[in-house]
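The values are calculated or read from the model by the stated rules, or taken from the named source; none is laboratory data. Remember, predicted model here, so these are calculated numbers, not experimental data. Cβ: placed from backbone, ideal geometry, glycine included. Neighbour counts: every protein chain shown. These area figures cover heavy atoms from the full protein model, side chains too; ligands, DNA and RNA do not enter into them. Shrake-Rupley method; radii C 1.70, N 1.55, O 1.52, S 1.80 Å.
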Amino acid sequence: PPPPAAAPPCAASALQSGHHDATGSRAPFLRPDGVTSDPGRNLYTAYTDNLSIRRITPSASVTTLAGSSGLNGSRDGLGSSARFYFPNGVVSDSKGNLYVADTENHTIRIIRTNGAVVPLAGMAGQTGSLDGFGTGALFWAPPAVPMDTNRTLFISETSNCIIRKATLKAAGPTPSGAPGQHARPH
């Protein structure tokens, strides 16, 4: 029998790079990295070179959820007011919150279901390998943040040659988004 036909891409076209929100193959990407899905079947990608996180709906509509193409930094906020510095990994929890490895900021950040970007662990611009809560923890260029069914994040750190664990509180991130209340890397 003939080989099965390849499934068409849900967004973008091969070898067509760029950044603008659109539907299906009309929405180009430039080096999308980590990909995850949420309970609503939306896909999310850490759009590394364009310093943002993008959402792809089941109908293939592509929108920028957080960050802004060409504007790096470390700023919390809603949507395009938030800033990332080469985000790589992204994972969703069962409630639809996203956890982002903000690699060159050396931090792990949360994008809440309302679109608010808040800190989880690490201190922007500070490298190291220090266990602790919130900004008391230090990382060095974490590129990935897979999560298990117990809401434990596993943070790979290529530069430190280690994998660390952050156990999230059972109740989830606090509404205030205050650092130091969410996780403890081990």
Worksheet item: Packing-wise, with mean Cβ within 10 Å as the measure, how do 158-165, 23-30 rank, highest first?
Response: 23-30, 158-165
Discussion item. Using 0.36 nm times the number of residues separating ASN72 and THR149, minus their current alpha carbon distance, what extension gain do you get?
Written reply: 24.5 nm
Practice prompt. Using only the Cα atoms of the stretch 15-104, build the gyration tensor, take square roots of its eigenvalues as a ≥ b ≥ c, and label the shape rounded, prolate or oblate: rounded if a/c is under 1.5, else prolate if a/b is larger than b/c, else oblate.
Written response: oblate
Discussion item. Output needed for the stretch 87-158: three equivalent-ellipsoid semi-axes, defined as square roots of 5 times the C-alpha gyration tensor eigenvalues, in descending order, whole Å.
Written reply: 19, 13, 11
Fill in: Per residue accessible area of the stretch 50-173, 1.4 Å probe, in Å²
40 Å²
Fill in: Rounded percent of accessible protein surface that carbon and sulfur make up, the stretch 27-80, 1.4 Å probe
49 percent
Worksheet, complete the sentence: Of the accessible area of the stretch 96-151, computed with a 1.4 Å probe and all protein chains kept, carbon and sulfur make up a percent value of 55 percent
Worksheet item: Sequence-distant or interchain residues sharing an amide H contact under 5 Å with SER52, placed H: which?
Response: TYR47
